[in-house]
1. Once you keep just the Cα pairs under 8 angstrom separated by 6 or more residues, what percentage relative contact order results for region 4-151?
2. Name the residue, out of Ile70, Ile28, Ile44, whose mean-square fluctuation peaks in a Gaussian network model built on the chain with Cα pairs under 10 Å.
3. Quote the convex hull volume per residue of the chain, based on C-alpha atoms, as a whole number of Å³.
4. Sort Thr67, Thr83, Thr41, Thr4 so the one with the fewest other Cβ atoms within 10 Å of its own Cβ comes first.
5. If you line up the long axis of helix 137-149 against the longest principal axis of the chain, both from Cα atoms, how many degrees apart are they, to the nearest 10?
6. Please arrange Cys61, Cys20 by counting, for each residue, the other beta carbons lying within 10 Å of its beta carbon, fewest first.
7. For the chain, which cysteines have no disulfide-compatible partner, meaning no other cysteine Cβ under 4.7 Å?
8. Suppose every Lys and Arg Cβ carries +1 and every Asp and Glu Cβ carries -1, with no other charges. What dipole size does region 82-171 come out with about its Cα centre, to the nearest 20 debye?
Amino acid sequence: MKQTIIENDGNDIFVTCPHCDNCEQHNIDAQRWHLQSFEVTAVIDTDNMPNESVDYSIALCHNCNNTIKIIWDYDNIQTEPITDVIFRQFKQGYDLIAIFPHVGEINHGVLTYMHVGQHSAADYDTLLRNTKLVRDATVYEDLRNELTDIGYRLNIIARQSPQKWLKSYQAF
């Protein structure tokens, strides 16, 4: 059984499925078993277990139907923000691109990232016309791992929210 350690930023906790990247965010004071994306089937209190130091839950991910172990380590504080990302594949050439749809760039663009070329600004509508959405996590796994290795905490989504993009572009 794969496991995941909750992350927190001091205010909220984040639970991510290690199988499919399904992610959920809650206030740090919310009760553990009130997750929406994960069905908690058991809560294990480790106070009387000498080989375990942190409480954990067994849960079923509603997105991929895999059972996971969620380790409730509230000391696992993360300071980097969570960034929305869309993984798409070019129709010609089949290269992958990570689109950060809510990070405004010059000329009304968005920030992107590829293995070759790294970060760049691009026109969101042009990207949509020339790429297709990638839903299979195994296809974009290498690119996702590269992004997390350089410090990104990712929330994988399928489409841009115009309101979020406008807010980030105005801040740009």
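1. Once divided by the residue count of region 4-151, the mean separation gives 17 percent.
2. For the chain, modelled as a Gaussian network with Cα springs under 10 Å, the answer is Ile44.
3. 133 Å³
4. On the way: Thr67 14, Thr83 17, Thr41 11, Thr4 20.
So the residues, fewest neighbours to most, are Thr41, Thr67, Thr83, Thr4.
5. 90 degrees
6. Ascending Cβ contact count within 10 Å gives the list Cys20, Cys61.
7. Lacking a cysteine Cβ partner under 4.7 Å: Cys23.
8. 360 debye
No value in this document is a laboratory result; all are computed from the given coordinates. Just so you know, these numbers come straight off a predicted model, no measurement behind them. Every residue, glycine as well, gets a Cβ built from its backbone with ideal geometry; the counts of neighbours run over all protein chains shown.
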